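FYI, it's all coordinate maths here, none of it is from the lab. All figures in this text were calculated on a predicted structure; none of them were measured in a lab. For neighbour counting, all protein chains shown are included, and Cβ atoms are generated from backbone atoms with ideal geometry for every residue, glycine included.
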Ligand code: HEM
């Protein structure tokens, strides 16, 4: 049953009808049942900003060690060492610290000229053509090239990786396919890792192969090949689909707000804040899942240890209790921490790169076009509970 405005409140994260516009259901959840329970899939949901942000920071209670994607927790999958998204301290902190050492915001920002070059290569063929697909022609291309460049993966092979990833993302809802959404298919990277081990370069894969760290047992060691593989697939998987979605939402929201789009075109210094507002307004990764480590009292109910809790960060971003007039899209809004990159110990490690890519993409689009309309008849949405956004978003360019 898909009731979103009637008397019964029902939220199904796998129901495409609800997902097309989940905001009315999420509003009702925030107002009527801030602690919601879905009987069918057996998960709880926190939809208010205050609750979601508190739970995201309380890792002792809300744990990621069985996965932080609803389908992954339900599928009971073995988590490989190094998959920090699905780890708890102390292991998470050790692995994250190592990854953070090689994947620094400084290194991300130094990529700007490359990101511009990749973006220009996506956009230039469409100058004068009158049409352009924000997702297929840019969103699905540029982030893959960027992370591929960082890792040292040849461009000729990046397309195949990206296709595989997109296929696993459009796969079954209630299956472990979703695991591949963040891990891609790691076998694709094995050859590169072996080859790079014998041919060191100045890329991130080489750094991962040579970095030393102290593990949980106090031993100073290098990462195993499997751990490097996990890192590489995590970076490739976690970073691409989400950034693809961000670029899609950028095209969609600015088509719907032509005055704000023209203002941006006239003053591109507004672009960084516009990207933050786009991230707040349409979170590309709308739901984070956890398992509950101890009994918790919330809104007069006991959430038993062992339950699955979902934290609806996209709903939290539209909570009027935190963001005044939250359903209003405003590129000038002063944003007091949206939750689109999560919060707490799992805060997105690629946020600096995602922001850079979003900013450069919009800046380069506006350099070429300030007018566009979405070809709605041919636009299609695509999602799992992990990502929400557009698969195809063709536009008529003015
Ligand atoms: C974690 C969103 C881009 C790498 C996360 C989390 C969110 C998120 C919500 C937290 C998950 C949780 O709490 O369970 C996004 C969005 C992006 C984006 C919306 C783009 C708009 C990227 C990029 C990379 C990346 C470009 C790297 C190339 C990671 C990693 C983690 C993570 C490694 C795990 C951090 C940890 O568990 O400590 N991201 N992300 N993300 N993200 Fe991103």
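List of remarks:
- Remark on the stretch 265-314: Rg and Dmax equal 17.9, 54 Å (Cα only).
- The stretch 21-76 versus the stretch 294-320: alpha-carbon centroid distance in Å: 5 Å
- Each residue, residue 259 and residue 305, gets one label point 7 Å from its Cα in the Cβ direction; the gap between the two is 5.6 nm.
- Helix-only CD estimate at 222 nm, as mean residue ellipticity for the chain, using -39500 (n - 2.57) per DSSP H run (n ≥ 4): -14000 deg cm²/dmol
- Shape call, the stretch 1-130: gyration tensor on alpha carbons, a/c limit 1.5: oblate
- Centroid-to-centroid separation of the stretch 127-149 and the stretch 332-374 [C-alpha atoms, Å]: 16 Å
- Prolate is the label for the stretch 245-398, because a/c, from the alpha-carbon gyration tensor with a ≥ b ≥ c as root eigenvalues, is 1.5 or above and a/b exceeds b/c.
- Residues residue 396 and residue 112, FRET efficiency given R0 of 35 Å [Cβ-Cβ distance, rounded to 0.05]: 0.75
- In plain terms, the C-alpha convex hull of the chain casts an average shadow of 19.3 nm² when viewed from every direction.
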